[in-house]
Amino acid sequence: MVKRARKRQALNFLLGFLLIVLSQPLSARDFFIEHRAIVSGSLERRLVASVFKADTNDEGGDLEKASSLTPVWSAYSVGRIIGIATLGNTICWATEEGQVYLAEAQNGQLKKSLDIGQELSPGLSSGQSNYWLSAKDKLIGLNEEGEKVLELSLPGPLSHQVMEDRGQLFLFFKNSLEVRDGLKGNIIWKYEPPVELSGSSVVTEKEVFISTISGQLLRLDRKNGRLKNQYDFKEAISSIAVPDNKSILLGFVEGRVQRFVLDKNKVSWKIDLGTQRVESFLIHGKKVYVLTSGGLLFKLSLLGGNLDSWQVVPGRAFSQPLIFREEILVLSSTPFIYGFDLKLGKQSSETQLKYEVKTGLAVWKDLLFTGSYDFRENRSLVIAFKKEPQVIIRASKESPQAVGRRIVFTVQASGFEKPKYEFFLSLDNEQPKLVRKASKLNTWTWIPGQSGDYKIIVRVTDKKLSKISELRYNITSFIGE
C-alpha cells in the first residue's frame, strides 16, 4: 500500500510538472547575456554610519529570477564545439571539424590553436596532465601547452568520452572496456562482457562498475579486470553513482532510483520518480540530487530515499549538473544556465546565453565555463563567468497591506558561505533603523503600526562578502485606501 501511494504521489507530481513546463514560454531575445533583474538600479544610502550600495526593487511579492553569473571573457571560433575542459591554468575546447584551441583560463588569451586533421567525436576530457580527444579510431593526448604527447589507434569508436583516473585511461567501447597506461598507452587489461554495454559506468579506487543494455551491473576488480560480482536488475540502467564503499546508487531508464547494498546483495531503498529516464546523480552531504531527461530535479535523502523537494528545469536535460558557489547549476536544451539554491532547493537564478549550449560546464578556481553554438554562422562561443553574490527579499503577503497585519520577510542569498542576515527598516526615506542584529536567521516578522511607504533593507555578509538588498513596501490604514 505504501509503495502504491508513493507511486501515485510521484505521478501526481509529474502531471503538475508537465503543466508547468508547457506553460513556460521560451525567450527569443537576441543579446549576449541577459540579466533578468530581480532588482533594478542601485543607490547609495548611509546606513548606521556606513555607506552601502543596495539593489532595489519597487514592488513586494514574487520576484523574477536573475542571473547570478557575470561574464568575464568570451571567445569565438569557427565550427561546431564538441567539448570543453580545464587543466592547470589553461582551458581547452575543440570543434567537430578537428580544430583545437588552448587559452589562458584567467583571461581567455589564446595560447595555441591546432588542426587535428580529422573529424573529432563529441567529448573532451582532462586528467592529471593531459587533455584527451578521440576521432573515429584514434585517441589523442595533448599536454597543457597543446603538444601532442600520445596518439593511439583504437579498435573502434568510443561509446563515450575518455576517463582518466590515477594515471590510467578507461576506454569504453560498445562491446568492451580497455584500461590503458596513461603515459605510454599500453593495455593493462581488457574486459569483454557477453552483452553490449549501456554506457553507464563508475570508477572507484579499487573497483569498476559498468552496466549492460539488458540491465546487468558488472563489478570488476580495478587491478586486473576480474569479474567480482554480477547483479541482474532486468531493467536498463541509465546512471550510476557510488556514495560509499558499501553501496551504489542506480538510476533506470523508466525513472526508478534505488540504493543497492553490494555485499548483502539487497536493495536498501527505492523510489519511483515517474517514467522519465534518470540522467545523472549529484551527491552532496546527506542528500542526492537526481536529474531526469525531461528536466526534473529531485532532492532525495541519501539515507532513506525520502523525497525532500523537486524543481522543474525547462527544456530537456543533457549534461551533468555541478555545484558552484552554493548553487546547483543545470544545463538543458534551452539557451539558459539554471541555478538552484543548495539549501532551499528552489530556483535562484537563470543566465541566458546567446546561442544553444553544446558542452557541459567546466570550472577553474572561481570561474565557470561553457560553450555554445551558432548554427547560422557555424561558429562557437566559449564564455567564462564569475559568480556574483545575490540577495532576494520575499514577502509573505503582497504589498500593500493594512496596519496590524503580520508580514514575514524571507531572504534568499546565493554566492555566500555561512551568511548572516541583518534587517533594517526605513519609513518615507528616513534614516534606516536596525530592527534585528546580524544572525543566521534569514527571516524577520513585522507587524506594522503606522501607514506609509517603507523600505525593508537587508545586509547579508560572510567572511569575505557583503551585499545589500532593498524591498519597497506600502502600509495603509486599511486596504483600498
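Structure summary
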item: Residue check, Trp189 under 30 Å from Leu110 (Cα atoms), assigned by TED's automatic domain parsing to the domain that holds Ala94 and either surrounded by fewer than 19 Cβ atoms within 10 Å (Cβ to Cβ) or modelled with pLDDT of 95 or more (or both); result: no
item: Given (1) within 22 Å of Ile328 (Cα to Cα); (2) among the polar types (S, T, N, Q); (3) surrounded by fewer than 22 Cβ atoms within 10 Å (Cβ to Cβ), number of the condition Ser247 does not satisfy; result: (1)
item: Residue tally, condition crowded, with 17+ Cβ neighbours inside 10 Å and assigned to a loop (DSSP other than H, G, I, E, B), over the stretch 192-223; result: 3
item: Some residue of the stretch 394-417 being within 15 Å of Phe324 (Cα to Cα), assigned by TED's automatic domain parsing to the domain that holds Gly452 and out of contact with any Pro (no Cβ under 8 Å at 6 or more places or on another chain); result: yes
item: Every residue from the stretch 308-327 that is more than 19 Å from Val242 (Cα to Cα), in contact with a Leu (Cβ under 8 Å, 6 or more places away or on another chain) and part of a strand (DSSP E or B); result: Asp308, Trp310, Gln311, Val312, Ala317, Glu327
item: Criterion: modelled with pLDDT under 95 and in a strand (DSSP E or B) - qualifying residue of Tyr338, Tyr421; result: Tyr338
item: Selected residue (criterion: farthest from the chain's Cα centre (by Cα)) from residues of the stretch 436-455 that are closer than 19 Å to Val411 by Cα and surrounded by fewer than 14 Cβ atoms within 10 Å (Cβ to Cβ); result: Ile447
item: Strands (runs of 3 or more DSSP E) lying entirely in the stretch 346-385 (those with 2 or more residues that are under 15 Å from Trp73 (Cβ atoms)); result: 362-364, 367-374
item: Residue, modelled with the highest pLDDT, within the stretch 119-147, restricted to residues that are exposed (fewer than 13 other Cβ atoms within 10 Å of the Cβ) and in contact with a strand residue (DSSP E or B) (Cβ under 8 Å, 6 or more places away or on another chain); result: Glu145
item: Residue within the stretch 264-273 that is modelled with pLDDT under 95, small (Gly, Ala, Ser) and more than 21 Å from Ser348 (Cα to Cα) present; result: no
item: Residue match in the stretch 84-96 (condition: of a type in the set (Asp, Glu) and modelled with pLDDT of 50 or more); result: yes
item: Members of the stretch 344-401 that are buried (at least 17 other Cβ atoms within 10 Å of the Cβ), over 17 Å from the mean Cα position of the chain (by Cα) and of a type in the set (Ser, Thr, Tyr); result: Tyr355, Tyr373, Ser380, Ser399
item: Residue check for Val267: surrounded by fewer than 17 Cβ atoms within 10 Å (Cβ to Cβ) and in the same structural domain as Lys228 (by TED's automatic domain parsing); result: yes
item: Residue match in the stretch 147-154 (condition: in contact with an Asp or Glu (Cβ under 9 Å, 6 or more places away or on another chain) and of a type outside the set (S, T, N, Q)); result: yes
item: Meets criteria (modelled with pLDDT of 95 or more and either assigned to a loop (DSSP other than H, G, I, E, B) or in the same structural domain as Leu361 (by TED's automatic domain parsing) (or both)) for Leu249; result: yes
item: Residue tally, condition of a type in the set (S, T, N, Q) and under 14 Å from Asn474 (Cα atoms), over the stretch 359-410; result: 3
item: Of all residues in the stretch 288-324 being surrounded by fewer than 18 Cβ atoms within 10 Å (Cβ to Cβ) and under 11 Å from Phe340 (Cβ atoms), the one that is nearest to the chain's Cα centre (by Cα); result: Ile323
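The values are calculated or read from the model by the stated rules, or taken from the named source; none is laboratory data. As the structure is a prediction and not an experimental result, all values here were calculated from the model. Because the Cβ atoms are built from the backbone with ideal geometry, glycine has one as well, and the counts that use them run over all protein chains shown.
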